[in-house]
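Colleague: Supplied in structure tokens, the structure appears directly below.
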Amino acid sequence: MTIKLYLYNTISRQKEEFKPIQKNCVSFYACGPTVYWYQHIGNLRTYIFEDVLKRVLLFNGYQVKHVVNVTDVGHLASDADEGEDKLLKGLLREGLPLTKGSMLRLADKYFQEFLEDFKRLNIIMPDVWCKATEYIDDMIKLIKLIDKNGYAYQTSVGLIFDTAKFPHYSDLGRLKLEQQDQGTRTSIDNERKNPSDFAMWITNQSNHIMQWDSPWGKGFPGWHIECSAMSRRHLGDQFDIHCGGKEHIGVHHTNEIAQAEAATGKHPWVNYWLHAEWLTIPEGKMSKSKGNFIRISDFVTQKIDPLAFRYFCYTAHYRSPLSYTAEAFAGSVKGYNNLKKRIAELLKEKTDQGENIKTQYQAEFKNFINDDLNIPRAIALLHAMMKDEKLGAKQKIELLDHMDQVFALDLLKAEEQSIPKEIIELANERLQARKDKNWNLADEIRAKINAQGFNVMDKADGYDLEKCH
Ligand code: AMP
Ligand code: ZN
């Protein structure tokens, strides 16, 4: 029996069977980072969710064309066309020259940091990274179409999208437009016709560092037009899946839809909308603007394997909030390390039994992941499988390999490989000290190894190393 894939679609507010536009290839766009600062573990929770989605699609036999944007211009401090460009905020924070070159260098620096996090978390790189500053022509082309189709008007801020003209405007966010406070958005620009109207091209910030000529005057693009234009270039007028964090539902994604459909007249622009819940800390949402964030490199400094954070993300479904506390995370680190230790033992065993039970586990696994990515249940299944005495080591290892296509936790990578080179070098020095009967030096080196979070155990022919748990 084939196990179908069901995904929760924000637009219908229900789980739907997934059917791509093309039979075997899924077109997938995810809103990416604004590269004015480091990405925090909240942002990365969303990218891990998107990676799991992509892995589940691949697991189901689809090819995936995955596109992610990189915002290096146009994202203002508020999503409502207000405040300074976030990239300018980055330059001011770091005391850098206020020039185009330095802005692009800042963007590249944080993009490279972001790529490092992707690698550390085993996130598959997208097929296309698109940087907003490299797609200005596509944006202008799209805005021209929107303008030609009668959805735009000019104010002293720039070229504005007239949301009242677009009949599906409230669909994704189930917005109650009639209840929107006229004062909120119109205070930014009192020439605006509706509170939800937004800028596609901004011309009133003459001191903005990056400006381009356009039919509406010299200026720069609004943040929302970036995604509508760049996804169109790479995925066409209509595509399968669009993702992002849940705060994008009411404004950013709503505006992306309005622009794309107003330009092409094709509805629906995107068939499946998936949104991730936030990672929270006791004070609320983790966010760059509040500066209350933790990074993956903080874990690396503490000698914690970044994949323990991936494992922590699996303690909650992607549509549930995930509360980060030091205690909760420490529990996951311990759980992940113990699991890897048990797997290391398993790899030494030779038992071979329970082929038919293995098939049942495979089916159950697929049922969970295909039920709107129910990873917490799939993880519970992994633990049940590890304890199942009817299964041999061979079958368990094959199942771990099978499941890790989706989990991406490096389950079968031997523990030794995750021991840093410096620790192995110290252990070798200590081995030599023992051979030389220099016990004081051997003790000193042991203390150094312990201080970095590892234990060294002496053996007749050498040593064993393990992480402290
Ligand atoms: P940004 O770089 O701020 O534009 O955010 C990049 C992605 O991370 C977006 O999809 C956001 O929705 C998401 N995001 C931001 N903060 C959090 C959070 N605390 N938890 C989960 N996702 C978040
Ligand atoms: Zn976007």
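Colleague: Between Arg233 and Gln205, what is 0.36 nm times their sequence separation minus the Cα-Cα distance? Round to one decimal in nm.
Modeller: Length difference between fully extended and current span is 7.3 nm.
Colleague: Count charges around Lys144 for me, please; just the other residues with Cβ under 14 Å from its Cβ, Lys/Arg as +1, Asp/Glu as -1.
Modeller: Residues near Lys144 contribute -1 overall.
Colleague: Report the dimensions of segment 281-407 along its three principal axes from the alpha-carbon atoms, largest first, rounded to Å.
Modeller: If we take the Cα atoms of segment 281-407, the spans are 54, 32, 20 Å.
Colleague: Something else about it: Say a paramagnetic label sat at a point 7 Å from the Cα of Glu116, along Cα to Cβ; which residues of segment 29-69 have their backbone N under 12 Å from it?
Modeller: Residues passing the 12 Å test: 38-39.
Colleague: Here's something else I'd like to know. For segment 314-372, what are the per-bin percents of Cα-Cα distances with bins 10 Å wide, up to the bin holding the maximum?
Modeller: In order of increasing distance, the bins hold 17, 28, 39, 16, 1 percent.
Colleague: If you don't mind, another one. Can you tell me what the convex hull of the Cα atoms of segment 63-127 projects to on average, as an area in nm²?
Modeller: For segment 63-127, the mean projected area of the Cα convex hull comes to 5.8 nm².
Colleague: Here's something else I'd like to know. Rolling a 1.4 Å sphere over the protein heavy atoms, what is the accessible area per residue of segment 273-375, to the nearest Å²?
Modeller: Counting only protein heavy atoms, the per-residue value for segment 273-375 is 45 Å².
Colleague: Something else now. Counting only other residues whose beta carbon sits under 15 Å from that of Trp37, what net charge do I get with K and R as +1, D and E as -1?
Modeller: -1
Colleague: Go ahead and estimate [θ] at 222 nm for the chain from helices alone: -39,500 (n - 2.57) per DSSP H run with n ≥ 4, summed, over the residue count, rounded to 500.
Modeller: On the way: 15 runs with 196 residues, N = 469.
Counting only the DSSP helices, I get -13500 deg cm²/dmol.
Colleague: In what sequence, largest accessible area first, do Ile294, Ile48 appear using a 1.4 Å probe?
Modeller: Result of the area sort, largest leading: Ile294, Ile48.
Colleague: Which distance in nm do the two modelled labels at Asp401 and Lys4 give, with both placed 7 Å along the Cα-to-Cβ direction?
Modeller: Placing both labels 7 Å beyond Cα along the Cβ direction yields 3.2 nm.
Colleague: Let me ask something else about it. Between Phe293 and residues 5 or more places away or on another chain, which pairs have amide H atoms under 5 Å apart, with H built 1.01 Å from N, and which residues are they?
Modeller: Hits under the 5 Å cutoff: none.
Colleague: Can you give me the Rg/Rh ratio for segment 421-467, using Cα atoms for both radii and the Kirkwood formula for Rh?
Modeller: Numbers: Rg = 9.5 Å, Rh = 10.4 Å.
Radius of gyration over Kirkwood radius for segment 421-467 works out to 0.92.
Colleague: Can I ask one more? Note down the net charge around Ala330, summing +1 for each Lys or Arg and -1 for each Asp or Glu among other residues with Cβ under 14 Å from its Cβ. Spell out each step's value before the answer.
Modeller: On the way: positive: Lys303, Lys334, Lys467; negative: Asp298, Asp305, Glu327.
So the surrounding residues net to 0.
Colleague: At 27 angstrom or more along the helix axis (alpha-carbon based) and mean Kyte-Doolittle of -1.0 or higher, what helices does the chain contain? Whole DSSP H runs only.
Modeller: Membrane-span-like by this rule: 100-120, 326-346.
Colleague: Then there's this: Whenever you get a sec, compute what percent of the accessible area on the chain sits on carbon and sulfur atoms (1.4 Å probe).
Modeller: On the way: 10060 of 20510 Å².
Carbon and sulfur together cover 49 percent of it.
Colleague: Here is a follow-up. Calculate, for Lys148 and Asn367, the FRET efficiency according to 1/(1 + (r/R0)^6) with r their C-beta to C-beta distance and R0 35 Å; round to the nearest 0.05.
Modeller: Computed FRET efficiency for Lys148 and Asn367 comes out at 0.10.
Colleague: Using only the alpha-carbon atoms, what does segment 373-442 span along each of its principal axes? Please give whole angstrom values in decreasing order.
Modeller: 53, 27, 16
Colleague: Pairs on different chains or at least eight residues apart, Cα atoms closer than 23 Å: how many lysine pairs in segment 213-360 fit?
Modeller: 14
Colleague: Once you place label points 7 Å from the Cα toward the Cβ at Leu92 and Cys25, how far apart are they in nm?
Modeller: 4.5
Colleague: Right, next: So what's the convex hull volume per residue for the Cα atoms of segment 8-276, in Å³?
Modeller: Normalising the Cα hull of segment 8-276 by residue number yields 121 Å³.
Colleague: May I have the convex hull volume per residue, in Å³, for the Cα set of segment 41-173?
Modeller: It is 172 Å³ per residue.
Colleague: Tell me, in nm to one decimal, what length is gained between Trp439 and Glu178 on full extension, where the rule is 0.36 nm per residue of separation less the Cα-Cα distance?
Modeller: Numbers: separation 261, 0.36 × 261 = 93.96 nm, distance 7.95 nm.
Residue separation times 0.36 nm, minus the Cα-Cα distance, leaves 86.0 nm.
Colleague: Where does each of 306-319, 136-149 land if you order them by average Cβ count within 10 Å, highest first?
Modeller: Result, highest mean first: 306-319, 136-149.
Colleague: Can you compute the modelled spin-label distance between Met457 and Glu134, with each label point 7 Å from Cα toward Cβ, in nm?
Modeller: 5.0
Colleague: Once the cut-off is 14 Å, how many percent of the Cα-Cα pairs in segment 289-335 end up in the long-distance tail?
Modeller: 53
Colleague: Taking a 1.4 Å probe, which of His248, His242 shows the most accessible area, and what order do the others take after it?
Modeller: From most exposed to least exposed: His248, His242.
Colleague: Then there's this: Taking the convex hull of the Cα atoms, report for the chain its projected area averaged over all directions, in nm².
Modeller: Quarter of the Cα hull surface area: 26.0 nm².
The values are calculated or read from the model by the stated rules, or taken from the named source; none is laboratory data. Quick caveat: nothing in here was measured; it's all calculated off a predicted structure. Note that each Cβ is placed from the backbone with ideal geometry, even for glycine, and that neighbours are counted across all protein chains shown. The accessibility values were calculated without ligands, DNA or RNA, using every heavy atom of the protein model including side chains. Shrake-Rupley method; radii C 1.70, N 1.55, O 1.52, S 1.80 Å.
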